[in-house]
Structure formats: C-alpha cells, structure tokens
Amino acid sequence: MRTWVRTDRGRAVTDAGPAVPNQPERHTPSVTPPPAAPAGGGLAPPPHVHALRLLPTPKGTPFTFWYTLVLVGTTLFIHFGDPAQVTRWLSGASADVENLAQEPLFVLFASALFYKGALLSVFTVGFVLVLTALERRVGGWRTAAVFLAGHLFATLATQLTVAAAVALGHLPESSRSRFDYGIDYGVLACAAALAGVLHLVWLRWAMVAGVGTMIVSDLVTLTDPVVDWGHLLAFLAGIALWPLLRRYQRRGSAAAAARPHR
C-alpha cells in the first residue's frame with residue numbers, strides 16, 4: 001500500500017515508500033446538526049409577533065394606521081364636541097343629494113372621514129382587522145382603492161336612487177338632505193376583497209357567508225332601506241375586484257420566486 005505526503009520545505013509530492021500499517025479507526029461521536037433556519041434566514045418569529053401583525057403599524061400598514069387615527073379624532077369630536085359645531089360639520093360632509101349636486105367630489109371623500117357609532121365596538125374592531133389584513137396582502141394603495149370603490153359606488157347608487165324617488169314623488173323632499181356619512185360601505189367592500197385573496201378556501205367562503213348573512217338579514221327587516229341596499233352594493237363591489245387583486249397576488253408571488261435567494 002502506498003501513500004503520498006508533502007515535504008516540510010514545499011518540495012513536490014514524492015513517493016514516501018511503504019505505508020504505515022492500518023491504525024484502529026477512531027470513533028467520532030455523531031453531532032446532531034441544528035435545525036435549519038427558515039427561508040428568510042432567521043429564526044421563526046415568536047407567537048406574539050404574529051398577533052401584532054393583526055394590528056396596523058405606520059410602516060407595515062400606513063393607510064390603515066393613519067386612517068384609523070383620523071377616524072379616532074373625528075369620532076371623539078362627534079361625541080365630545082359642541083353639538084352645534086358637530087351638526088354643522090356633519091351637514092357639510094354628508095353625501096346627500098343636495099350636497100352631491102353642489103360639491104360632489106368634496107362630500108364623497110369627506111363623508112368617509114366620520115363614523116356614526118361608538119369608538120370601541122365590534123364594527124371598529126372589524127374595521128381595523130379587515131383593513132390591516134387586506135393591506136398586508138395587497139398593499140396600501142390597493143386597499144385605499146378598494147375602500148373608495150365600495151364607498152363611492154354604494155353612495156352614488158343609493159343617493160341617485162333617492163333623487164329619482166323624490167323626483168317621482170315616492171319620497172318626501174326632506175330625503176334630499178338626509179345625513180349620509182360613515183365608513184360602513186368601504187369596510188364591507190374591503191371585507192369582501194379580503195375574502196377573495198385568502199388562501200384558505202374554507203375561510204374565504206365562511207367569511208362571505210357570514211357577512212352576506214348579516215347583510216341579507218338587514219334587507220329582510222329593511223330598517224333603513226337606503227343604507228341596507230348600500231351595504232349589499234358595497235359588498236358586491238368588493239367581490240367584483242377579486243380578479244384584479246388575485247392577478248396582483250400572482251405577479252407578486254412570481255416576482256418573489258424569481259428573486260435570487262441569499
């Protein structure tokens with residue numbers, strides 16, 4: 001048996017002659033390798049990090065975060081401000097028939113800056129969770145576009161119907177100046193859009209069924225026909241945006257897969 005060695009002075013490899021007899025093989029203790037790190041390169045985040053992602057942040061979800069702060073301010077103003085001033089502000093921001101005829105662009109946007117209910121309620125919690133989840137999936141600009149699409153579409157559809165009903169004598173003239181403001185149309189559109197971009201199919205349809213049941217139950221009782229029909233139109237507007245949002249998701253996934261891993 002032959003082996004090859006190098007000299008101490010770096011000379012060329014030479015034949016060292018007979019090999020050293022076989023030595024007993026030393027046992028090397030096996031070492032269990034550490035668990036592989038996630039694809040992102042770090043350790044898996046702790047559970048509380050996932051919980052915090054349900055809430056908006058200035059950097060992660062800027063649209064939801066700053067819009068929530070605006071709504072907190074206007075809601076506090078409605079509840080604690082001078083009643084005369086509150087009425088004047090709401091009258092000017094209402095997207096009713098009279099205001100739409102005079103300042104359509106202003107009232108369409110201003111009417112979405114006020115919330116009718118309590119500051120802490122099931123609806124406000126749903127607003128934060130839905131918009132945060134949607135923005136983390138499709139981005140801030142698209143979330144804002146979905147919200148505005150539902151708000152504008154439902155507001156215009158219902159108020160134009162009111163204008164036609166007043167003109168035909170089916171509603172009193174006072175219906176032209178009935179307050180119409182709030183965030184419910186936009187939130188329902190975002191809820192429908194969120195259902196469309198969820199990867200879990202059962203969760204998607206459970207969400208559609210749950211929200212749809214509430215909307216249909218309101219239509220059955222018809223306590224407020226204008227608002228109740230507006231809720232349905234806003235929800236359908238969010239569903240109509242599924243193809244666009246899913247196309248964006250596919251492009252984003254393809255770009256992430258093509259990006260070289262470090």
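The values are calculated or read from the model by the stated rules, or taken from the named source; none is laboratory data. Since this is a predicted model, take the numbers as computed values, not measurements. Cβ atoms come from the backbone with ideal geometry, glycine included; neighbour counts cover every protein chain shown. Please note that ligands, DNA and RNA were not included when accessible areas were found on the heavy atoms of the full protein model with its side chains. Shrake-Rupley method; radii C 1.70, N 1.55, O 1.52, S 1.80 Å.
Conditions (1) of a type outside the set (K, R); (2) assigned to a helix (DSSP H, G or I); (3) at positive phi; (4) over 25 Å from the mean Cα position of the chain (by Cα), marked per residue:
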{"site": "R136", "(1), (2), (3), (4)": "no, yes, no, no"}
{"site": "T143", "(1), (2), (3), (4)": "yes, yes, no, no"}
{"site": "A149", "(1), (2), (3), (4)": "yes, yes, no, no"}
{"site": "L152", "(1), (2), (3), (4)": "yes, yes, no, no"}
{"site": "T161", "(1), (2), (3), (4)": "yes, yes, no, yes"}
{"site": "V166", "(1), (2), (3), (4)": "yes, yes, no, yes"}
{"site": "L171", "(1), (2), (3), (4)": "yes, no, no, yes"}
{"site": "S175", "(1), (2), (3), (4)": "yes, yes, no, yes"}
{"site": "G182", "(1), (2), (3), (4)": "yes, no, yes, no"}
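Looking at the range 132-141, which of the residues that are open to solvent by less than 20 Å² (accessible area, probe 1.4 Å) and of a type outside the set (A, V, I, L, M) is nearest to A193 (Cα to Cα)?
If we take residues in the range 132-141 being open to solvent by less than 20 Å² (accessible area, probe 1.4 Å) and of a type outside the set (A, V, I, L, M), then E135 is nearest to A193 (Cα to Cα).
I'm trying to understand the selection: among the residues of the range 200-250, which are in a loop (DSSP other than H, G, I, E, B) and more than 23 Å from A144 (Cβ to Cβ)? Quick ask: steps written out before the conclusion?
Applying the first criterion (in a loop (DSSP other than H, G, I, E, B)) to the range 200-250 yields 200, 222-224, 241.
Within the range 200-250, L200, L222, T223, D224 qualify.
Across the range 96-115, what is the total count of residues that are in contact with a Phe, Trp or Tyr (Cβ under 7 Å, 6 or more places away or on another chain) and either free of Cβ contacts under 8 Å to residues at least 12 places away in the same chain or open to solvent by 50 Å² or more (accessible area, probe 1.4 Å) (or both)?
0
Answer yes if at least one residue in the range 215-223 is of a type outside the set (S, T, N, Q), modelled with pLDDT under 95 and under 16 Å from L152 (Cβ atoms), and no otherwise.
No - not one qualifying residue is present in the range 215-223.
Checking H199 against (1) open to solvent by 30 Å² or more (accessible area, probe 1.4 Å); (2) modelled with pLDDT of 95 or more; (3) not polar (S, T, N, Q), which single condition isn't satisfied?
Every listed condition holds for H199 apart from (2).
Name the single residue, out of those in the range 161-196 being of a type in the set (F, W, Y) and in contact with a Phe, Trp or Tyr (Cβ under 9 Å, 6 or more places away or on another chain), that is surrounded by the fewest Cβ atoms within 10 Å (Cβ to Cβ). Step through it out loud before you land on a result.
From the range 161-196, those of a type in the set (F, W, Y) are 179, 181, 185; that's our starting set.
Then drop every residue that is not in contact with a Phe, Trp or Tyr (Cβ under 9 Å, 6 or more places away or on another chain), which leaves 181, 185.
Details: Y181: 23, Y185: 31.
Checked the range 161-196; the qualifying residue surrounded by the fewest Cβ atoms within 10 Å (Cβ to Cβ) is Y181.
Quick one: which residue in F127, F153 is modelled with pLDDT of 95 or more, open to solvent by 70 Å² or more (accessible area, probe 1.4 Å) and within 22 Å of V70 (Cβ to Cβ)? Steps first, answer last, please.
Values: F127 fails: open to solvent by 70 Å² or more (accessible area, probe 1.4 Å).
Criteria check complete, one pass: F153.
Which numbered condition in (1) outside any helix (DSSP H, G or I); (2) under 26 Å from N99 (Cα atoms) is the only one that L119 fails?
Of everything listed in (1) outside any helix (DSSP H, G or I); (2) under 26 Å from N99 (Cα atoms), L119 misses just condition (2).
Taking the range 242-262 as the region of interest, how many residues are open to solvent by 40 Å² or more (accessible area, probe 1.4 Å) and either at pLDDT 95 or above or not charged (D, E, K, R) (or both)?
Let us first name the residues in the range 242-262 that are open to solvent by 40 Å² or more (accessible area, probe 1.4 Å), namely 243-244, 246-248, 250-251, 253-262.
Pick out the ones that are also either at pLDDT 95 or above or not charged (D, E, K, R) (or both) and you get 243-244, 248, 253-258, 260-261.
Going through the range 242-262 one residue at a time, the tally reaches 11.
In this structure, does A144 turn out to be farther than 18 Å from V226 by Cα, in contact with a helix residue (DSSP H, G or I) (Cβ under 6 Å, 6 or more places away or on another chain) and crowded, with 16+ Cβ neighbours inside 10 Å?
The answer is yes for A144.
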